[in-house]
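Here's the structure, in structure tokens; my notes come after.
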Amino acid sequence: MTQETSSARRGEPLLSVSGLCKRYGAVTVVSDVSFDLAAGEAIGVLGPNGAGKTTLLKMIGGTVAANAGTVTFQGQDLTRLSAEARCRAGLVRTNQVPAPFSLMTVWENALVAASHGGALSRRAAEDRAHEALLRTGLLDRHHSTAGGLSLMGRKRLELSRALACGPKALLLDEIAGGLSDYEVKELIDLIAQIRASGVAIIWIEHIVHALMSSVSRLIALDFGNKIADGAPRDVIESEAFRRAYFGDSIATAELA
Amino acid sequence: MDIFYASVNGVLLGGLYALYGLGLALTFGIMRTINLAHGDMIVFGSFMSLVVTRVLGLPALASLVVLIPAMFLLGRLFQERVMNRSLGEGIMPSIILTFGLSVVIQNALLLTFSADRQTLSAGQLQTMSLPLTEDFAIGVLPLMTLCVVIVLLIALNWFFRHTMLGRAFRATSDDPEVVALMGIDPRRTYGLAMGLAFAIIAITGVFMGLRTNFAPFDGPARLIFAFEVIIIGGMGSIQGVLIGGVILGVAQTMGNLVNPAFFQLSGHVATLLVLAIRPSGLFPETIERD
């Protein structure tokens, strides 16, 4: 379809999602979604509320079991593995609502992620936690209790813990939601740095400009179906995407 | 002077009560489940110590060398094979499950050991005392019990703050779903935590058996004391069990001073007072889960 997708398909993809489905009773939340993520690639996922974005991410991360489909990571089929096993394999998800271990310090939060998620011994875990907090700018608050952090602080901590796990692919769920414009900009810079360090990213976000400036490819979901996949500009301007967001009449009027 | 003696005895008694509460505080603090069979498991620990002392001819305290690892394994199996199945459905399934288990343990003990009251023997240790004044001495065993619980609390505090596994316990207690995103299997953590709780239950069972006699149906009474300790100290607070145990112990010995019939009643009244004034206990350490 586009250069990005074709280059992603050229080599072995880092992550390959194939035919993922999730049903709750009669309601199909995610229906037959497939895509590949290349090493170091950043994909944004867009879609109206209830399109199945978070469920898709949770299926990839292993928190929600898929009814059908497979998740292959670095050539290994992870479909039947638990979230903790996928985390150790390098496929790490952050929460939509930051969920720090509130009674523990920022440092301990990062250390738990490094020692368990990164499966590191004490000294190596401390180094990794230190590095993660340094990158997210939380190092000077490492003694604070995590429950006392501001929203931006919690989002940074969420990222710090994910980084401390040593991810090869990072699944970010609406990490910019609820932040001020200035904070969003800080976050975009941070994510750009993470991406520059070679970590592949799948990022769900409602703040479109944040996505547009950070990812090289967009996937649009509507009612659980993938309706567009390609270069960000192409997806945004596609008819299917406009119809999902604005309804039939406006889409046709604008396109006419 | 009587009040002073009663307080000292109350503090010493509080050591045993703190032990009762410690296992329950661990299970509630980490798993957020309530173990209604806790008292019966303590009594089970006493009986197991009795078996080990009889079979191996060891003194009761030495039976801990066998009991602690055995109970750790049993606790781990119990959590992983039984309790983990009741996770995620709120607190009720664990209550029903352990209530049933409580009945099973009591009757299994009755069938195996009859209804006779038993005691553990540690020879002179049980009668040794340290004279404080001419007419007042404190027992070595109660003093030892208090020291054991203090050492356990210091060790646990260190373990929870400075080890990988201890931090995993605290993180899992905070949010069992999120720890999975950090590579921790909460079910495995729970298994290890229950193993730890059972190891402490083994210690509790031995010290209880040395202090008083015991019979198969004694569990529920121990459970009530254990609950009172953690209600006073703060539900799930590990360090709170010491103050909870001491307050309960002192309240009981003070009540006893007024009238021996008030021994238990005054302990219950103290618990109710704490519930009325500080419903979350004196040292609430855990936070509400969403």
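The numbers here are math on the coordinates, done by the rules we state, and not lab data. Only a predicted model underlies this, so the values are computations on that prediction, with no experimental measurement involved. When we count neighbours, we look across all protein chains shown, and the Cβ atoms used for this are built from the backbone with ideal geometry, even at glycine.
What is the total of Lys pairs in the protein assembly as shown with C-alpha atoms under 27 Å apart, excluding same-chain pairs fewer than 8 positions apart?
16
Dividing the alpha-carbon radius of gyration of the protein assembly as shown by 2.2 N^0.38 Å (N being the number of residues), what value is obtained? Could you put the intermediate results ahead of the total?
Working: Rg = 28.8 Å, N = 546, 2.2 N^0.38 = 24.1 Å.
Cα-based Rg divided by the globular estimate yields 1.19.
So for chain A, averaging the separation of alpha carbon pairs under 8 Å that are six or more residues apart and normalising by length, what relative contact order in percent results?
Working: 508 pairs, mean separation 63.7, N = 256.
About 25 percent, as a whole number.
Can you quote the Å³ per residue value for the convex hull of the Cα atoms in chain A, rounded to an integer? Let's see the in-between values first.
Details: hull volume 32.5 nm³, N = 256.
For chain A, the hull spanned by Cα atoms encloses 127 Å³ per residue.
Counting only DSSP beta bridges with both residues in the protein assembly as shown, tell me the antiparallel percent, nearest 5. Kindly include the intermediate steps, with their values, before the conclusion.
Values: 25 of 41 bridges.
Of the beta bridges lying entirely in the protein assembly as shown, close to 60 percent run antiparallel.
Using every Cα-Cα pair within the range A:69-151, state what percent have a distance larger than 15 Å.
Details: 2154 of 3403 pairs.
Tail fraction, whole percent: 63.
Could you work out the mean projected area of the convex hull around the alpha carbons of the range A:1-129, in square nanometres to one decimal?
On the way: hull surface 39.5 nm².
Mean projected area of the Cα convex hull: 9.9 nm².
I need the semi-axes of the equivalent ellipsoid of the range B:1-85: take the C-alpha gyration tensor, multiply each eigenvalue by 5, square-root it, list largest first in whole angstrom.
Details: eigenvalues 154, 94, 15 Å².
Its equivalent ellipsoid spans semi-axes of 28, 22, 9 Å.
Quick one: which residues, 5+ away or cross-chain, put their amide H under 5 Å from the amide H of residue A:46? H built at 1.01 Å from N.
A:219, A:220, A:221
If you consider only alpha-carbon coordinates, what radius of gyration and Dmax does the range B:61-137 have, in Å?
19.5, 59
Non-local amide H neighbours of residue A:201 (under 5 Å, H modeled in plane, Pro and chain starts lacking H): which ones?
Here the answer is A:41, A:42, A:43, A:170, since their amide H atoms fall under 5 Å of that of residue A:201.
Magnitude of the Cβ-charge dipole of chain B, K/R +1 and D/E -1, about the Cα centre, nearest 20 debye? Walk me through the numbers before you get to the answer.
Values: 15 positive and 16 negative charges, 113 e Å.
For chain B, the charge dipole is close to 540 debye.
Antiparallel versus total DSSP beta bridges in chain A: what percent is that, nearest 5? Walk me through the numbers on the way to the answer.
Details: 20 of 36 bridges.
So the antiparallel bridges amount to about 55 percent of the total.
Would you tell me the mean number of C-beta atoms belonging to other protein chains that fall within 10 Å of each C-beta in B:168-175, as a whole number? Walk me through the intermediate numbers first.
Details: counts 3, 0, 5, 11, 2, 3, 10, 5.
The shielding value for this peptide is 5.
How big is the convex hull of the Cα atoms of the range A:174-226, per residue, in Å³?
Working: hull volume 4.3 nm³, N = 53.
Convex hull of Cα atoms, per residue: 81 Å³.
Using only Cα atoms, locate the centre of the range A:21-53 and the centre of the range B:177-229, then give the distance between them in Å, rounded to an integer.
44 Å
Which whole-Hz couplings ³J(HN,Hα) result when phi for each residue of the range B:104-109 is put into the Karplus expression 6.51 cos²θ - 1.76 cosθ + 1.60, θ = phi - 60°, listed in order with x for Gly and Pro?
Along the range B:104-109, the couplings run 5, 4, 4, 6, 5, 5 Hz.
Fewest first, what order do A:242, A:233 take by the number of other Cβ atoms within 10 Å? Present the calculation step by step, with values, prior to reporting the outcome.
Working: A:242 20, A:233 11.
Ascending Cβ contact count within 10 Å gives the list A:233, A:242.
Once you have all Cα-Cα distances for chain B, histogram them in 10 Å bins from zero and send the whole-percent values.
In whole percents, the pair-distance histogram is 7, 28, 36, 22, 6, 1, 0.
How much net charge surrounds residue A:134 when only other residues with a Cβ under 11 Å from its Cβ are counted (Lys, Arg +1; Asp, Glu -1)?
Values: positive: A:128, A:135; negative: A:127, A:131, A:140.
Its environment carries a net charge of -1.
Can you give the mean number of other chain Cβ atoms that lie within 10 Å of the Cβ atoms in peptide A:155-166? Please report the intermediate quantities before stating the final value.
Working: counts 0, 0, 0, 2, 0, 0, 4, 2, 0, 2, 3, 1.
Counting other chains' Cβ atoms within 10 Å and averaging over A:155-166 gives 1.
Give me the tail of P(r) for the range B:149-193 as a percent: Cα-Cα pairs with distance above 13 Å.
Values: 523 of 990 pairs.
It works out to 53 percent of all Cα pairs.
If you take every residue apart from residue B:159 with its C-beta less than 11 Å away from the C-beta of residue B:159, what net charge results, scoring Lys and Arg +1 and Asp and Glu -1?
Values: positive: B:161, B:167, B:170; negative: none.
Taking every other residue near residue B:159 into account, the sum is +3.
From the phi of every residue in the range A:61-75, what ³J(HN,Hα) in whole Hz does the Karplus formula 6.51 cos²θ - 1.76 cosθ + 1.60 yield, where θ is phi - 60° and glycine or proline is x?
Values per residue, Gly and Pro as x: x, x, 6, 10, 7, 7, 6, 8, x, 10, 10, 10, 10, 6, x Hz.
Enumerate the calculated ³J(HN,Hα) couplings along the range B:203-208 in order (Karplus 6.51 cos²θ - 1.76 cosθ + 1.60, θ = phi - 60°), each rounded to whole Hz, writing x wherever the residue is Gly or Pro.
Whole-Hz 3J(HN,Hα) from phi for the range B:203-208: 4, 4, x, 5, 5, 5.
For the range B:133-290, just run the numbers: alpha carbon Rg, then divide by 2.2 N^0.38 Å, N being how many residues it has. List each step's numbers first, then the result.
On the way: Rg = 18.0 Å, N = 158, 2.2 N^0.38 = 15.1 Å.
Output field value: 1.19.
Starting with the fewest neighbours, write out A:155, A:22 ranked by other beta-carbon atoms found within 10 Å of each beta-carbon. Write down the numbers at each step before the final one.
Details: A:155 27, A:22 22.
Arranged by neighbour count, lowest to highest, A:155, A:22 become A:22, A:155.
Given charges of +1 on the Cβ of Lys and Arg and -1 on the Cβ of Asp and Glu, with all other atoms neutral, how large is the dipole of the protein assembly as shown about its Cα centre, in debye to the nearest 20?
Using Cβ point charges on Lys, Arg, Asp and Glu, the protein assembly as shown gives about 920 debye.
Separation between the residue B:124 and residue B:3 pseudo-spin-labels, each 7 Å from Cα along Cα→Cβ, expressed in nm?
A separation of 3.8 nm, rounded to one decimal place.
Once you have all Cα-Cα distances for the range A:130-248, histogram them in 10 Å bins from zero and send the whole-percent values.
That works out to 12, 41, 30, 13, 4, 0, in percent per bin.
Tell me the volume per residue, in Å³, of the convex hull enclosing the alpha carbons of the range B:107-199. Provide the component values of the computation, followed by the final result.
Details: hull volume 15.9 nm³, N = 93.
It comes to 171 Å³ per residue, whole-number rounded.
What size of dipole, in debye to the nearest 20, comes out for the range B:174-285 about its Cα centre when the only charges are +1 on Lys and Arg C-beta atoms and -1 on Asp and Glu C-beta atoms?
Details: 5 positive and 7 negative charges, 69 e Å.
Dipole of the range B:174-285, to the nearest 20 debye: 320 debye.
Which peptide among B:195-203, B:183-191, A:106-114, B:132-140 comes first, and what is the full order, when sorted by highest mean count of other Cβ atoms within 10 Å? Mind showing how you got there, number by number?
Values: B:195-203: 26.1, B:183-191: 21.9, A:106-114: 27.8, B:132-140: 12.3.
Ranked from most to least packed, the peptides come out as A:106-114, B:195-203, B:183-191, B:132-140.
Please compute the modelled spin-label separation between residue A:28 and residue B:113, points set 7 Å along Cα→Cβ, answer in nm with one decimal.
Modelled inter-label distance: 6.1 nm.
By count of other Cβ within 10 Å, fewest leading, how are A:180, B:63 ordered? Write out the running numbers ahead of the final one.
Working: A:180 10, B:63 26.
Lowest count first: A:180, B:63.
Which residue, A:138, B:280, B:168, has the largest displacement toward the positive end of the dipole of the protein assembly as shown when charges sit on each Cβ (Lys, Arg +1; Asp, Glu -1)?
So the residue we want is B:168.
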